[in-house]
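Some notes on the structure that comes next.
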Amino acid sequence: MEKDKSSKQQFSTRIIAAPYSKQDTHGAINMPVYRSAAFEFGSAEAIANAFQNKEAAHTYTRISNPSVENLERKILAASAADNVMVLSSGMAAISNTFLAIAYTGCNIVTSPHLFGNTFSLFQFTFASFGIEVRFVNTDDLEEIANAIDENTIAFFCELITNPHMEVANLTEISKITRARNIPLIVDTTIIPWCGFNARDAGVDIEVVSTTKYISGGATSIGGAILDYGTFDWQHNKKLADAPKTDSMSEFMFKIKREIARNIGANMDPDTASLQALGMETLQLRYERMSQSAYDLALFLSEQSNVVKVSYPKLDNYKYKRLSDRLFAGNPGAMLTFNLKSKEDCFRFQDHLQIIRRATNLFDIKSLIIHPGSTIYGTFSPEMKAIMGIEDNLLRLSVGLEDISDLKTDIVRALEQL
Ligand SMILES: *Cc1c(COP(=O)(O)O)cnc(C)c1O
């Protein structure tokens, strides 16, 4: 998907007004769902041209699809990226990104504080292909610089780690990655494009689980890879001589023309249609949910049974200044808090009536989870220690219910401890 850089419209307008690639025959206001595996052509030459990329046309939905392309168009309108590809999940976005640039003997420098499956992908899945992972403390710039060598293919981190709530100092980290000629790849699922400008922060490649903020009502699983066109792929041993086009870097060319279609990680047109609709209300939901999360963070801080609250906007929070700078004071709908024990965490959850016990983030519904016994429940205690998972910690994703009802629900459950 190529970008229209001329738009001067504001965030929500750009998403809602993003035009179709072709006029719809019936003038449908919502992009129709092109629920079709294949597309037919008027002549043998036309289909040959499409397959040889001489003519831009959809041939087969594993490769591209009009409904999927419509979501990509909206993401391009929303973000500052040059190019985007949506895939079947956030994990598909992450795995396809690294499959495009990794080779046997390479290494990835990253934090051990990662989304559980990303940690497992790096530590276990990739290890068997001779791809090494080097864990560093991302607050320590010297440690990051020292871990990079001539076979480092990227520095990777999450914008705000989950559930540790550490904010990555991307402006400083990007100075290192630029100087050392490796791409800065960031998982920005935690803050959508209306709250964070990846290009300004020095991010080269952004990966997102669109399952979260983008999908809207948590209807479906999806992911996206965004290329800011800022990295010179001559510096990657695998992509140095790879083909590119005017609109696709060597990286995007590799993903779109080889990796994603071979892995078969395409987004389904039904999912794309749901997520394109959800995305139109992204800014409204984000701002309201962030406001409620801040209110609840303050509210929880006042409760006697609550040992600690982590939310980047809180005055005493370690990453407050960094968060104010990167996210313009609006650091999203996720917060964590510590109770006295794991037993308290379980009892608290069991007495909630509005907030739901479920994994996932940034649904319209408020969701709570005890990460130590669920997302990280199958990791050994030693592994959990490396990953920094505390047993008395709860993660809350704040939804769109009325804030007074959420407070009532929390007080009611706290009274049971
Ligand atoms: C959910 C999530 C993922 C994985 O996304 P899926 O869509 O579930 O595959 C990756 N990173 C972060 C930060 C997430 O929250």
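Given the structure, is residue 117 within 16 Å of the ligand (Cβ to nearest atom), out of contact with any strand residue (DSSP E or B) (no Cβ under 9 Å at 6 or more places or on another chain) and open to solvent by 10 Å² or more (accessible area, probe 1.4 Å)?
Numbers: within 16 Å of the ligand (Cβ to nearest atom): yes; out of contact with any strand residue (DSSP E or B) (no Cβ under 9 Å at 6 or more places or on another chain): yes; open to solvent by 10 Å² or more (accessible area, probe 1.4 Å): yes.
Here the answer is yes, as residue 117 does meet what is asked.
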Practice task
Using the structure shown, decide if residue 312 is closer than 30 Å to residue 70 by Cα, surrounded by 15 or more Cβ atoms within 10 Å (Cβ to Cβ), of a type outside the set (A, V, I, L, M) and modelled with pLDDT of 95 or more.
Solution key: no
Completion exercise
Only unsatisfied item for residue 347, checking (1) of a type in the set (Lys, Arg); (2) touching a residue at least 60 places away in the same chain (Cβ under 8 Å); (3) in a loop (DSSP other than H, G, I, E, B), is (3)
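Any residue that is polar (S, T, N, Q), open to solvent by less than 20 Å² (accessible area, probe 1.4 Å) and within 21 Å of residue 63 (Cα to Cα) - is there at least one of those in region 240-250?
no
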Exercise for the section: Can you run down the residue pairs with Cβ atoms below 8 Å, 6 or more apart or on separate chains, where the first is in region 176-192 and open to solvent by 10 Å² or more (accessible area, probe 1.4 Å) and part of a strand (DSSP E or B) and the partner is near the ligand (Cβ under 10 Å from one of its atoms) and not hydrophobic (A, V, I, L, M, F, W, C)? Expected result: 187/90; 187/118; 187/158; 187/209
Completion exercise
Quick count over region 199-233, residues being within 12 Å of the ligand (Cβ to nearest atom), not in a strand (DSSP E or B) and not polar (S, T, N, Q), is 6
Exercise for the section: Having 2 or more residues that are over 30 Å from residue 379 (Cα atoms) and modelled with pLDDT of 95 or more is the bar; report the strands (runs of 3 or more DSSP E) wholly within region 42-140 that clear it. Expected result: 83-87
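Scan 177, 152, 171, 189 and give me the residue that is within 16 Å of the ligand (Cβ to nearest atom) and among the hydroxyl-bearing types (Ser, Thr, Tyr). Full working, then the answer.
Values: 177 fails: within 16 Å of the ligand (Cβ to nearest atom); 152 fails: within 16 Å of the ligand (Cβ to nearest atom); 171 fails: within 16 Å of the ligand (Cβ to nearest atom).
Exactly one of 177, 152, 171, 189 is within 16 Å of the ligand (Cβ to nearest atom) and among the hydroxyl-bearing types (Ser, Thr, Tyr), namely 189.
I'd like to know if region 341-358 contains one or more residues that are within 16 Å of the ligand (Cβ to nearest atom) and either closer than 27 Å to residue 213 by Cα or open to solvent by 40 Å² or more (accessible area, probe 1.4 Å) (or both). Reasoning before the result, please.
Kept after step one, since they are within 16 Å of the ligand (Cβ to nearest atom), are these residues of region 341-358: 358.
Pick out the ones that are also either closer than 27 Å to residue 213 by Cα or open to solvent by 40 Å² or more (accessible area, probe 1.4 Å) (or both) and you get 358.
Scanning region 341-358 turns up at least one residue that is within 16 Å of the ligand (Cβ to nearest atom) and either closer than 27 Å to residue 213 by Cα or open to solvent by 40 Å² or more (accessible area, probe 1.4 Å) (or both).
Out of all the residues in region 21-60, which are aliphatic (A, V, I, L, M) and open to solvent by less than 50 Å² (accessible area, probe 1.4 Å)? Working first, answer last.
Taking region 21-60 as the starting set, the residues that turn out to be aliphatic (A, V, I, L, M) are 28-29, 31, 33, 37-38, 44, 46-48, 50, 56-57.
Within region 21-60, 28, 31, 46, 48, 50, 57 meet the criteria.
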Practice task
Within region 372-386, identify whether any single residue is open to solvent by less than 10 Å² (accessible area, probe 1.4 Å), without any contact (Cβ under 8 Å) to a residue 60 or more places away in the chain and not assigned by TED's automatic domain parsing to the domain that holds residue 117, and answer yes or no.
Solution key: yes
Fill in the blank from the handout: Of all helices (runs of 4 or more DSSP H) fully inside region 258-341, the set with 1 or more residues that are under 18 Å from residue 163 (Cα atoms) and within 20 Å of the chain's Cα centre (by Cα) is 282-301, 320-327
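Out of 135, 126, 155, report the one residue that is in contact with a helix residue (DSSP H, G or I) (Cβ under 6 Å, 6 or more places away or on another chain) and closer than 19 Å to residue 105 by Cβ. Walk me through it before giving the result.
Working: 135 fails: in contact with a helix residue (DSSP H, G or I) (Cβ under 6 Å, 6 or more places away or on another chain); 126 fails: in contact with a helix residue (DSSP H, G or I) (Cβ under 6 Å, 6 or more places away or on another chain).
One residue alone meets the criteria, 155.
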Practice task
Return yes or no: is residue 49 without any contact (Cβ under 8 Å) to a residue 40 or more places away in the chain and in contact with an Asp or Glu (Cβ under 8 Å, 6 or more places away or on another chain)?
Solution key: yes
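The values are calculated or read from the model by the stated rules, or taken from the named source; none is laboratory data. Everything numeric here is computed off the predicted structure, so don't read it as measured data. In this analysis, Cβ positions are derived from the backbone assuming ideal geometry, glycine residues included, and neighbour counts consider all displayed protein chains. Remember, those area values only see protein heavy atoms, side chains included, never the ligands or the DNA or RNA. Shrake-Rupley method; radii C 1.70, N 1.55, O 1.52, S 1.80 Å.
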